[in-house]
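Only one structure is covered here, and it is reproduced in the block below.
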Amino acid sequence: MTKYGSFPGARPRRLRTTPAMRRMVAEHRLHPADLILPAFVREGIGEPVPISAMPGVVQHTRDTLRKAAVEAVDAGVAGIMLFGVPEDAKKDAAGTAGTDPDGILQVAIRDVKAEVGDDLVIMSDLCLDEYTDHGHCGVLDAEGRVDNDATLERYAEMAQVQADAGVHVVGPSGMMDGQVGVIRDALDQTGHEDVSVLAYTVKYSSAFFGPFREAVGSSLKGDRKTYQQDPANLRESMRELALDLEEGADMVMVKPAMPYLDVLAKVADAVDVPVAAYQISGEYAMIEAAAEKGWIDRDKAILEALTGIKRAGADMILTYWATEVARGL
């Protein structure tokens, strides 16, 4: 043994020596086509309305939404997920504005489709919470509880009007039992066999949704713990996954992303369909707030967070930074 024999022969640091070396051996890479932009469009406004808890994000007018869609296409973003925000006067117990062919979300779908055609995958939030005066994701029974099966009938109607408006993908997010199957049947029976279903398969009852309530003008009082998942549970997520796949989901989603990377990894390992993760409003707000304080490097933190989601198994990431990051990439 030489006097140098005690030094390591295997040196992983050799593959970290230069930016070019690190780039060459990187195991995961972000690409603009991985990214989906969530966007809010609000009825009855003449100028975009900033969302105070989400610096840089706005409730769009119809015109600025069209512009945002064009910018997303130019940056190489894969898709846009649309959320409608109706006038308060149009909210009611059944969420009627959500199934009105001339409701704000359906109008927005037509606007974006007319502007960018098939150059952007147009997705729509299929849920009642934005349109109900009580703020829940479904209709209520006589005791004030969310009625699962009555809500499914409303979701079937929503699927049809969104598909009629020209959407490519519907995203049922209400966490009602059986929602994927009912929506798939409704689409197929109305001649919309080509419209895909992105199932919100794993959606936790999360504190990180806080800023989103402002973004959609939520009327919710109380919580959604009886239908969204308990953050303590993982096996439950796998059961939801099996049911959604059996019912015909084309893609599945985990939401939120960052606090549930373990769940995302397990889902990704278990399926042979595309997997999405939603980097939600609270995740966005934390990074923006910490960066504003000067506590973290904003741009590096954004890329690190997104890379972590990608590494955990996401094929697609819904993020409010989609266009910005895509331009940088």
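The listed residues are Gly117, Gly135, and the only one of them that is free of Cβ contacts under 8 Å to residues at least 12 places away in the same chain and not acidic (Asp, Glu) turns out to be Gly117. Say whether the condition of being at pLDDT below 95, over 16 Å from the mean Cα position of the chain (by Cα) and not in a loop (DSSP other than H, G, I, E, B) is met by at least one residue in segment 126-134. Checking segment 126-134: at least one residue is at pLDDT below 95, over 16 Å from the mean Cα position of the chain (by Cα) and not in a loop (DSSP other than H, G, I, E, B). Of the residues contained in segment 277-293, none is found to be closer than 30 Å to Asp188 by Cβ and in contact with a Gly (Cβ under 7 Å, 6 or more places away or on another chain).
Checking each residue in segment 138-153 for being farther than 11 Å from Ala186 by Cβ and either in a helix (DSSP H, G or I) or free of Cβ contacts under 8 Å to residues at least 40 places away in the same chain (or both) picks out Asp141, Ala142, Glu143, Gly144, Asp147, Asn148, Asp149, Ala150, Thr151. Contact map, segment 249-269: residues that are closer than 14 Å to Phe209 by Cβ paired with residues that are open to solvent by less than 50 Å² (accessible area, probe 1.4 Å) and of a type in the set (Asp, Glu), Cβ distance under 8 Å, separation 6+ or inter-chain. Pairs shown: Pro256/Glu283; Ala257/Glu283; Met258/Glu283. Scanning segment 70-84 for residues that are more than 16 Å from the chain's Cα centre (by Cα) and among the hydrophobic types (A, V, I, L, M, F, W, C) yields Val70, Val73, Ala75.
Among Ile51, Ile36, which is the only one that is at pLDDT below 95 and closer than 20 Å to Tyr284 by Cα? Just a single option satisfies the conditions, and that option is Ile51. Residues in segment 221-239 that are touching a residue at least 40 places away in the same chain (Cβ under 8 Å) and either in contact with a Cys (Cβ under 8 Å, 6 or more places away or on another chain) or closer than 12 Å to Val202 by Cα (or both): Arg224, Tyr227, Gln228, Gln229.
Please go through segment 87-105 and give me each residue that is in a helix (DSSP H, G or I), surrounded by fewer than 21 Cβ atoms within 10 Å (Cβ to Cβ) and not basic (Lys, Arg), ordered by number.
Selection gives Asp88, Ala89, Thr96.
Restricting to segment 1-12, and then to whatever is part of a loop (DSSP other than H, G, I, E, B) and not small (Gly, Ala, Ser), can you tell me which residue is most open to solvent (accessible area, probe 1.4 Å)? Top of the filtered list is Met1.
Test His28 against the stated conditions and say whether it is farther than 21 Å from Gly166 by Cβ and of a type outside the set (Val, Ile, Thr). Here the answer is yes, as His28 does meet what is asked.
In summary, helices (runs of 4 or more DSSP H) completely within segment 256-329 and bearing 1 or more residues that are open to solvent by 50 Å² or more (accessible area, probe 1.4 Å) and over 26 Å from Ser205 (Cβ atoms) occur at 281-292, 298-311, 322-328. Within the option set Ala199, Ala165, Ala207, being under 30 Å from Ala270 (Cα atoms) and either crowded, with 24+ Cβ neighbours inside 10 Å or modelled with pLDDT of 95 or more (or both) holds for one residue only, Ala199. Hey, among the residues in segment 13-69 that are of a type in the set (Ser, Thr, Tyr) and under 21 Å from the mean Cα position of the chain (by Cα), which one's surrounded by the fewest Cβ atoms within 10 Å (Cβ to Cβ)? Across segment 13-69, the extreme among qualifying residues is Ser52. I'd like the residue in segment 272-329 that is of a type in the set (Ser, Thr, Tyr) and under 25 Å from Val70 (Cβ atoms) and, out of all such residues, is nearest to the chain's Cα centre (by Cα). Per the criteria, the residue is Tyr278. When Gly84, Gly138, Gly79 are screened for being touching a Cys at 6+ places or on another chain (Cβ under 9 Å) and buried (at least 18 other Cβ atoms within 10 Å of the Cβ), only Gly138 passes.
The values are calculated or read from the model by the stated rules, or taken from the named source; none is laboratory data. As the structure is a prediction and not an experimental result, all values here were calculated from the model. A quick note on method: Cβ atoms are made from the backbone with ideal geometry, for glycine too, and the neighbour counts reach across all protein chains shown. Note: areas computed on protein heavy atoms with side chains; ligands, DNA, RNA excluded. Shrake-Rupley method; radii C 1.70, N 1.55, O 1.52, S 1.80 Å.
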